[in-house]
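Here the structure is laid out as structure tokens; the discussion comes afterwards.
The values are calculated or read from the model by the stated rules, or taken from the named source; none is laboratory data. The structure displayed is predicted, hence computed values, not measured ones. Reconstructed Cβ throughout: ideal geometry from the backbone, glycine too, with neighbour counts over all protein chains shown.
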């Protein structure tokens, strides 16, 4: 199973980013082999609106079934839900690395996101 | 002749000046049309008793996808500038509130499964009010697409000797759409740091558009001289100065017209209009006064 984590920089030991749509990048890791690869999100960061929508599409296209982030807005939530991606959140104040976040998820320590955690930003 | 009333900052008196100029011109026997393009919160109607005579729906295009025939190629989502459509695994999700109705998704869909329907976003209302041909746009609550609404309101305008356009505040797309095609922009401002800052942004926008402008200083006896200095430096004529007068506020709060309730102000609006005509004729209005005496 693939797990996507929003990160500040492309790397396994980099800090998690708590924004979803305009995250710097996504680190997508294979849950079994722990092999990871980073997916840039540069284009979405500069989107005038709907960044979360396209970020969600990226996550689905990467084949991830789990997303770990901080906050997910209403439009991204709708797309991720439609794509059967389960969403989990870390405490924005906790300053976790990607590796920590994945370990926390494996141990069932992360809260599952059942509804958008923030209001939409675009308009 | 088409004249717009803009300001940058909200609440400086755009509508007050627009309705009073309309009234004065109508009193002089001119064929006047007033269009309220502040479609998110039109308020000129509050000062002009009227009965709506025609109502026209305003719409934007909304894409609809026949999902069963979608191959999931994602061309629509890749081309959408506004991220209003997304596709994955043959699932199409459309966000109408983000859609600008440009039609690029329908145009480029290789399977031709996207069609467009009209989505209502508001109404355009027309009436006669105090002898003025009045038109306004009202965007539905929750809608954010002011520019297409403003465009459609302006399309309903009739030929008139003078068309006055009350613009929305701010300097973004709605203002640009409202001032498109006018001969002159009357900038209603107040001599405060906030008023000046927002005015300077509007002046910069109008320069880009190549539109001439003049300034009406509202509540001219408050604040400081910076606004006058700015107008002097930018070579923007002052068309009129309206004093901070309690009676004006009282008339306004009752939905009255200053030029009707306080006849002594009629001359002010008449001379404002004279300055507008002079400016359009290329003779310039009244030059900025020397009140900003602190200039180096």
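Inspection of region A:15-37 finds a residue satisfying the criterion of being within 14 Å of chain B (Cβ to nearest Cβ) and touching a residue at least 60 places away in the same chain (Cβ under 8 Å).
Take region A:81-113 and flag every residue that is buried (at least 18 other Cβ atoms within 10 Å of the Cβ) and within 11 Å of residue A:70 (Cα to Cα). If the condition is that a residue be buried (at least 18 other Cβ atoms within 10 Å of the Cβ) and within 11 Å of residue A:70 (Cα to Cα), then A:87, A:88, A:89, A:90, A:96, A:101, A:110, A:113 are the ones that fit.
Residues that are farther than 30 Å from residue B:99 by Cα number at least 2 in the following helices (runs of 4 or more DSSP H) confined to region A:13-123: A:98-106. Here residue A:87 passes the criteria (1) farther than 18 Å from residue A:41 by Cβ; (2) at pLDDT 95 or above; (3) away from every other protein chain (no Cβ under 14 Å) except the one numbered (1). Yes or no: region B:66-84 includes at least one residue that is away from every other protein chain (no Cβ under 12 Å) and in a strand (DSSP E or B). Checked region B:66-84: no residue is away from every other protein chain (no Cβ under 12 Å) and in a strand (DSSP E or B). Residue B:71 fulfils the conditions (1) in contact with a helix residue (DSSP H, G or I) (Cβ under 6 Å, 6 or more places away or on another chain); (2) modelled with pLDDT under 95 except for a single criterion, (1).
Here is a check on your reading of the model: is residue B:77 without any contact (Cβ under 8 Å) to a residue 40 or more places away in the chain, buried (at least 17 other Cβ atoms within 10 Å of the Cβ) and more than 30 Å from residue B:162 (Cα to Cα)? So residue B:77 passes the test. If we scan region B:42-49, do we find a residue that is in a helix (DSSP H, G or I), closer than 15 Å to residue B:137 by Cβ and either within 14 Å of chain A (Cβ to nearest Cβ) or out of contact with any helix residue (DSSP H, G or I) (no Cβ under 8 Å at 6 or more places or on another chain) (or both)? Yes, that holds for at least one residue. Considering B:196, B:201, the condition of being surrounded by 19 or more Cβ atoms within 10 Å (Cβ to Cβ) and either touching a residue at least 60 places away in the same chain (Cβ under 8 Å) or assigned to a helix (DSSP H, G or I) (or both) is satisfied by B:196 alone.
Conditions tested, residue by residue: (1) modelled with pLDDT of 95 or more; (2) more than 14 Å from every other protein chain (Cβ to nearest Cβ); (3) crowded, with 22+ Cβ neighbours inside 10 Å.
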position: B:89; (1), (2), (3): no, no, no
position: B:99; (1), (2), (3): no, no, yes
position: B:103; (1), (2), (3): no, yes, no
position: B:150; (1), (2), (3): yes, yes, yes
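Residues of region A:61-80 that are at the interface with chain B (Cβ under 10 Å from one of its Cβ atoms), touching a helix residue (DSSP H, G or I) at 6+ places or on another chain (Cβ under 9 Å) and farther than 16 Å from residue A:22 by Cα: A:78 alone.
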